[in-house]
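Below is one structure, written out as structure tokens, with a few remarks after it.
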Amino acid sequence: MQSGDSWVVVGLDNGGNKNNATVLDASGKFLVDELLESPSRVTEGPDVAVAALVDTFEDILRRTGISRDRVRGVGLDTPGPASADGVISSKGSTNFAHPGWRSYDFRGALEKKLGLPVVYNNDGNAAALYAHYELFGPLAHQRGSISAIIGTGFGGGVIEKGEVVKGAAGMAGELGHVHIPTHGLLEPDQPVPHCNCGFDGDAESFASLTGIEKNLLPYWLTRYPGHELNRAESVAKAAKLVRAYGEAGDEMALKIFAQQAKAIGRLFTIAANFTDPDGYFLGGGVVEAAPAFRDWYLAKVRENTALREEQVRASRFEMVPHLDMAGARGAAIAALERIHTR
Ligand SMILES: [Zn+2]
């Protein structure tokens, strides 16, 4: 399909190492099918990183053969914590450690440099928005969803009638830091997992690579003293291998992932009683896992989500597609939606 001469929006996904970009036309069709990455240079501070994003923007237009005057808006997503309008936390963060980032208005700075309206979302919310539009299609504006995206941390978001629920301070949908009831989830001798945010027993303390490394793996290795991973060079290295063991059907790895899936199911149960969403979506490394393992994991999440009969009929469970492009695509959708509702 030719996009003709109508207008487009550009989605820019800014990560710790890479930028990724996409173009979305006015009809809602993505003009980029592959992952196009370039260095984000965020460690060098805001000036360098904003310049790198402008390069990414120009590069994606060159590659798609779109002239600049057809771009009506830009969507930007970055890791948090940041305000709903893209001001980086005054305390900085893992990704924005350079002192120049503290309280930096990332969205405003990019808008000024590009001379185009820029719409901001954090990366979890952008991915959740993409999942929602991709999986609900034309019904997106009538549906609600919750997306749990499991990576180093636990990201995601809550979408209601096609819009990201951002909250008063921009901190809604921080699903990773929702407390999970641990009764019946932990083994009798298992310590309550700890999260970097300071909470004990929240979703991220179970369901993240960090949670496996800091909490689940150290415990489960004591239960399987003969396991090969006890001989790994470090627990950090061992944690990265747990998924491959799971795919191969290793008993201990499956216990770890079953515990994780149970925690996600309990989080979804909380969501069922809060916003009663139409869709429960799951993304992260597990999406790229072997299909049998991936299906087993999603089934475990589902069986641990306590829904009422009416909710079972009204809702669906799905994997978030194209996760590597979800941030840029979600950011672009947000920009398109802003223009459509203006
Ligand atoms: Zn937490």
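The values are calculated or read from the model by the stated rules, or taken from the named source; none is laboratory data. Please read all numbers here as calculations on a predicted model, not as lab measurements. For neighbour counting, all protein chains shown are included, and Cβ atoms are generated from backbone atoms with ideal geometry for every residue, glycine included. Accessible surface areas use protein heavy atoms only, side chains included; no ligands, DNA or RNA. Shrake-Rupley method; radii C 1.70, N 1.55, O 1.52, S 1.80 Å.
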Worksheet entry | Residue check for Phe268: in contact with a helix residue (DSSP H, G or I) (Cβ under 6 Å, 6 or more places away or on another chain), touching a residue at least 24 places away in the same chain (Cβ under 8 Å), open to solvent by less than 40 Å² (accessible area, probe 1.4 Å) and assigned to a helix (DSSP H, G or I) | no
Fill in: Ser145 being in contact (Cβ under 8 Å) with a residue 40 or more places away in the chain, under 19 Å from the mean Cα position of the chain (by Cα), buried (at least 24 other Cβ atoms within 10 Å of the Cβ) and closer than 26 Å to Pro321 by Cα
yes
Discussion item. If His177 meets every condition in (1) more than 24 Å from Gly86 (Cβ to Cβ); (2) within 12 Å of the ligand (Cβ to nearest atom) apart from one, which number is that one?
Written reply: (1)
Worksheet entry | Conditions (1) closer than 27 Å to Val50 by Cβ; (2) out of contact with any Ser or Thr (no Cβ under 8 Å at 6 or more places or on another chain): number failed by Pro191 | (1)
Discussion item. If I ask for residues that are more than 29 Å from Tyr120 (Cβ to Cβ), β-branched (Val, Ile, Thr) and part of a helix (DSSP H, G or I), which ones from region 287-342 would you list?
Written reply: Val301, Val312
Discussion item. Quick check on region 191-213: of everything there that is more than 10 Å from the ligand (Cβ to nearest atom) and in a loop (DSSP other than H, G, I, E, B), which residue is least open to solvent (accessible area, probe 1.4 Å)?
Written reply: Ala207
Worksheet, complete the sentence: Flagged in region 105-128 as open to solvent by 50 Å² or more (accessible area, probe 1.4 Å) and without any contact (Cβ under 8 Å) to a residue 60 or more places away in the chain, in numbering order, are Asp105, Glu111, Lys112, Gly115
Fill in: Residue among Gly80, Gly75 that is within 26 Å of Glu174 (Cβ to Cβ) and either of a type in the set (Phe, Trp, Tyr) or outside any strand (DSSP E or B) (or both)
Gly80
Discussion item. For region 53-63, give me each residue that is surrounded by fewer than 19 Cβ atoms within 10 Å (Cβ to Cβ) and either within 21 Å of Ala326 (Cα to Cα) or under 19 Å from the mean Cα position of the chain (by Cα) (or both).
Written reply: Val54, Asp55, Glu58, Asp59, Leu61, Arg63
Worksheet item: Condition test on Lys300, is it open to solvent by 60 Å² or more (accessible area, probe 1.4 Å), basic (Lys, Arg) and either free of Cβ contacts under 8 Å to residues at least 40 places away in the same chain or closer than 28 Å to Tyr219 by Cβ (or both)?
Response: no
Discussion item. Which of the numbered conditions does Gly170 fail, given that it passes all the others? Conditions: (1) of a type in the set (Gly, Ala, Ser); (2) crowded, with 17+ Cβ neighbours inside 10 Å; (3) within 16 Å of the ligand (Cβ to nearest atom).
Written reply: (3)
